[in-house]
Amino acid sequence: MSIVILLTLAAGILVGIFLPQDFGGVIENLSSIMLLLLIFSVGIDIGLNREVLRRIKRLGVRILLIPLGIIAGSLLGGALAAVVLRSDLRESLAITSGLGWYSLSGILLTEAGNPVAGSISFLSNVIREMITFVAVPFLASHMNAYCAIAPAGATAMDTTLAIISKHTNSQTAVIAFVSGIICTMAVPVLVPLFC
């Protein structure tokens, strides 16, 4: 999946080089429509998986600890990066607020008038997903199953759920799914908050 993402990005760059400059407005409108469609499809996915919803009820409020820790850790990492790189704190927090959802965070930052931060957010969140595929087996075997959820962020409910499930257990997979949902719902709130 990660190779497909990189190839698609490279193809987009090549096509963008040959398109006229005024085509950017069309792309911006298409991006907004696709973003709404993506959020709608996430909602459908949640509604279709009734067994997950039953397991969530049994776990109660404790299930919120992992996604809240992921969000806090990501923001802390963004603040630390701002200090180390001597960059703008709000911009760094907006970039890290993507929580792995590269298709949304990049668009939100670009639409907020910061295409450079949008590009950085897109790339850093793609890299976060790639790191997740490599890190999950190590974290699950050398630390614990719950640690394997953290690098995934928002992607724990879709693209990285399979690898988390493979290297942990069904209980952890349910928690990862819920964590991914909560992180996904946080992204459209957090990114604009720091823009």
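The values are calculated or read from the model by the stated rules, or taken from the named source; none is laboratory data. Here the structure is a predicted model, which means the values were calculated and not measured. Cβ sites come from the backbone with ideal geometry, for glycine too, and all protein chains shown count toward neighbours.
Looking at the stretch 7-31, I want the residues that are closer than 23 Å to S105 by Cβ and touching a residue at least 24 places away in the same chain (Cβ under 8 Å) and have a partner that is of a type outside the set (S, T, N, Q) and surrounded by 10 or more Cβ atoms within 10 Å (Cβ to Cβ) with Cβ atoms under 9 Å, at least 6 apart or on another chain. Which pairs are those?
Partner pairs satisfying both residue conditions: L9/F122; L9/L123; L9/V126; E28/I107; E28/E111; S31/I107; S31/E111.
Within the stretch 140-160, count every residue that is among the polar types (S, T, N, Q), at pLDDT below 90 and closer than 17 Å to A186 by Cβ. Steps first, please.
At the first step, the residues of the stretch 140-160 found to be among the polar types (S, T, N, Q) are 141, 144, 155, 159-160.
Pick out the ones that are also at pLDDT below 90 and you get 144, 159-160.
Then drop every residue that is not closer than 17 Å to A186 by Cβ, which leaves 160.
Residues in the stretch 140-160 being among the polar types (S, T, N, Q), at pLDDT below 90 and closer than 17 Å to A186 by Cβ: 1 in total.
Is one or more of the residues making up the stretch 153-164 under 17 Å from T96 (Cβ atoms), in contact with a Cys (Cβ under 9 Å, 6 or more places away or on another chain) and touching a residue at least 60 places away in the same chain (Cβ under 8 Å)?
Among the residues of the stretch 153-164, at least one is under 17 Å from T96 (Cβ atoms), in contact with a Cys (Cβ under 9 Å, 6 or more places away or on another chain) and touching a residue at least 60 places away in the same chain (Cβ under 8 Å), which makes the answer yes.
Filter the stretch 157-171 down to the residues that are surrounded by fewer than 22 Cβ atoms within 10 Å (Cβ to Cβ) and in a helix (DSSP H, G or I) and list them by number.
L161, A162, I163, S165, K166, H167, S170, Q171
Please work out which one of (1) modelled with pLDDT under 75; (2) out of contact with any Asp or Glu (no Cβ under 8 Å at 6 or more places or on another chain); (3) more than 14 Å from I182 (Cβ to Cβ) is the condition S32 fails and give its number.
So the condition that S32 fails would be (2).
Determine whether I70 is surrounded by 14 or more Cβ atoms within 10 Å (Cβ to Cβ), more than 21 Å from L193 (Cβ to Cβ) and modelled with pLDDT of 90 or more.
Values: surrounded by 14 or more Cβ atoms within 10 Å (Cβ to Cβ): yes; more than 21 Å from L193 (Cβ to Cβ): no; modelled with pLDDT of 90 or more: yes.
When the stated conditions are applied, I70 does not pass them.
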